[in-house]
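The block underneath contains the structure these notes are about, expressed in structure tokens.
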């Protein structure tokens, strides 16, 4: 047997990142390439550019590859895997279609099973296609998630018919998966009610299940010919695993353009602010995805103040703790799913201070509001699952600021564990587990998860922000009532 090479590929909306690990959990190489526009050819080209040279050069390596991508993004393909339509991105909405079906009993029943429907749900957009692009819809062989399409592009040579196409449970979730059954199945009553052909959806499989030995021309170009290809997952789940949410009670918050809090649990407790994934290893991942958080901070800093995000955080850091205004982020996704709930800054008081201090106070208020939103989910997790969270694992670009993480630890009143922004390791963890390379979760954590920082709460800041926490949740609910009025 040659050297083992574990390849985790993360295909996001702005770029592709490829991470290479050996069987001991050592990071061997990382490759990156940006995506200029959402086009399947652009994705493939970015994948070519991002693939580290060692993948081709290691001729005797036994290669194992899996892919994660954005949750809810899909492509309509023909029988040879060629894209007929799409990609249809996760953020695209069909509001009129949603408004027409949102009160169907089948949609309410699916919500009871942990899956919330909104205007961006894939089956809403598939229904739109059936109604307005009938000929195209009729010619579709399968609607497949982005990660699934890319994985099968490694399997089949050009022109060969794709057979037995499956997607993993995490990618299937937003397409109408019933995770309350064993094994999970498509929620047939929903598709019957919407008159969507269920045979146009792929089969189902767990993350990390073997798919094929790569034999396509693309695989050969990438240095992946004869590599073992495995079912992938959504980027949010990959980030959660890469950020330590492997065992019951583990919590991860991905903080980037949006905020994605997740907790590993062994049961489903229905709550309107939560949805569930099948955990790629055991049990479930309960969590949510908020509206824009980090993206709003970046937008405000750059477009309103002409600052980079790094400059904005430096302005915020020097402001006296406790003098912030109260900032409320978007509520169009979790926890409220209310499109009328746009960001707001309240409790604004004029201070006779230099301009840079006032600017810093506004920016620090936004930073604080995002941390308070994160904390509201931690409180929800503890209450819903009758648990006590000791550590909070953080991943994503928003976890790079030590100032912000110190603020977080003090608001959470919990230790914060920083895992950086590499999510590809999360993609390969189910491969490691299901292949039997390592079967104990504790050993996988020790070898493959290597935190870059640990931050304890600051007792002085804990006391300062206690009242902010109560005000945030109470006033956000009142703000929602105001918007509705």
### Message
What is the angle, in °, between the Cα long axis of helix 146-155 and the longest principal axis of the Cα atoms in the chain? Nearest 10 is fine, range 0 to 90.
### Response
30 degrees
### Query
Where the eigenvalues come from the Cα gyration tensor of region 121-168, what are the semi-axes √(5λ) of the equivalent ellipsoid, largest first, in whole Å?
23, 14, 7
### Query
Please state the Cα pair-distance histogram of region 1-93 with 5 angstrom bins from zero: what percent is in each bin?
3, 12, 21, 20, 17, 12, 9, 4, 1, 0
### Query
What is the packing order of peptides 194-203, 416-425, taking the mean over residues of other C-beta atoms within 10 Å and listing the highest first?
416-425, 194-203
#### Entry: Normalised per residue, the volume of the convex hull around the Cα set of region 334-485 (Å³)
163 Å³
### Query
Per the Kirkwood definition applied to all pairs of different Cα atoms, how many angstroms is the hydrodynamic radius of region 56-162?
15.8 Å
### Query
Taking R0 as 51 Å, what's the FRET efficiency between residue 49 and residue 320 from their Cβ-Cβ distance, rounded to 0.05?
0.65
### Protection-proxy order for peptides 218-229, 100-111, each taking the mean of Cβ atoms within 10 Å per residue, highest first
218-229, 100-111
### Query
Residue separation times 0.36 nm, minus the C-alpha to C-alpha distance between residue 403 and residue 346: what's the value?
18.2 nm
### Query
Exposure proxy check: 399, 33 ranked by fewest other beta carbons within 10 Å?
33, 399
### Structure-based [θ]222 nm, the chain - -39500 (n - 2.57) summed over DSSP H runs of at least 4, per residue, nearest 500
-11500 deg cm²/dmol
### Message
Taking 0.36 nm per residue of sequence separation and subtracting the Cα-Cα distance, how much length would be gained by fully extending the chain between residue 209 and residue 355, in nm to one decimal?
### Response
46.9 nm
### Query
Over the chain, what is the mean sequence separation of C-alpha contacts under 8 Å (at least six apart), divided by residue count, expressed as relative contact order in percent?
15 percent
### Message
What's the ranking of 471-483, 383-395, 238-250 by average number of surrounding C-beta atoms within 10 Å, highest first?
### Response
238-250, 383-395, 471-483
### Query
Taking Rh as the Kirkwood radius computed over C-alpha pairs, what is the Stokes-Einstein D of region 163-205 at 37 °C in a medium of viscosity 0.692 mPa s, expressed in µm² per second?
310 µm²/s
### Query
Which FRET efficiency value, to the nearest 0.05, is calculated for residue 26 and residue 158 with the Förster distance at 22 angstrom and r the Cβ-Cβ distance?
0.05
### Query
Using 7 Å Cα-to-Cβ label points, what is the residue 14/residue 136 separation (nm, one decimal)?
2.8 nm
### Message
Can you give the FRET efficiency to the nearest 0.05 for residue 442 and residue 3, using r as the Cβ-Cβ distance and R₀ = 22 Å?
### Response
0.30
#### Entry: Pairwise label distance in nanometres, residue 34 with residue 453, each label 7 Å out on the Cα-Cβ vector
2.5 nm
### Message
I need the shape label for region 115-247. Rule: rounded when a/c is under 1.5, else prolate if a/b > b/c, else oblate, with a, b, c from the alpha carbon gyration tensor.
### Response
oblate
### Task
Just report the Cα centroid separation between region 452-467 and region 40-99, whole Å.
40 Å
### Query
Rounded to a whole number, what is D in µm²/s for region 4-235 from Stokes-Einstein with the Kirkwood radius over alpha-carbon pairs (20 °C, 1.002 mPa s)?
118 µm²/s
## Note on the structure
Between residue 388 and residue 104, the two model label points (7 Å from Cα along the beta-carbon direction) sit apart by a distance in nm of 4.6 nm
### Query
Fully extended, how many nm does the chain gain between residue 112 and residue 95 (0.36 nm per residue separation, minus their Cα-Cα distance)?
3.9 nm
### Query
Does region 410-485 come out rounded, prolate or oblate, given a ≥ b ≥ c as the square roots of the eigenvalues of its C-alpha gyration tensor, rounded meaning a/c under 1.5 and, failing that, prolate meaning a/b above b/c?
oblate
### Message
Based on alpha-carbon atoms only, what is the radius of gyration of region 244-394 relative to the globular estimate 2.2 N^0.38 Å?
### Response
1.15
### Message
Taking every pair of distinct Cα atoms and averaging 1/r, then inverting, what Kirkwood hydrodynamic radius in Å comes out for the chain?
### Response
23.2 Å
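Each value in this text was obtained by applying a stated rule to the coordinates, not by laboratory testing. All values derive from a computational prediction rather than experimental measurement. Cβ sites come from the backbone with ideal geometry, for glycine too, and all protein chains shown count toward neighbours.
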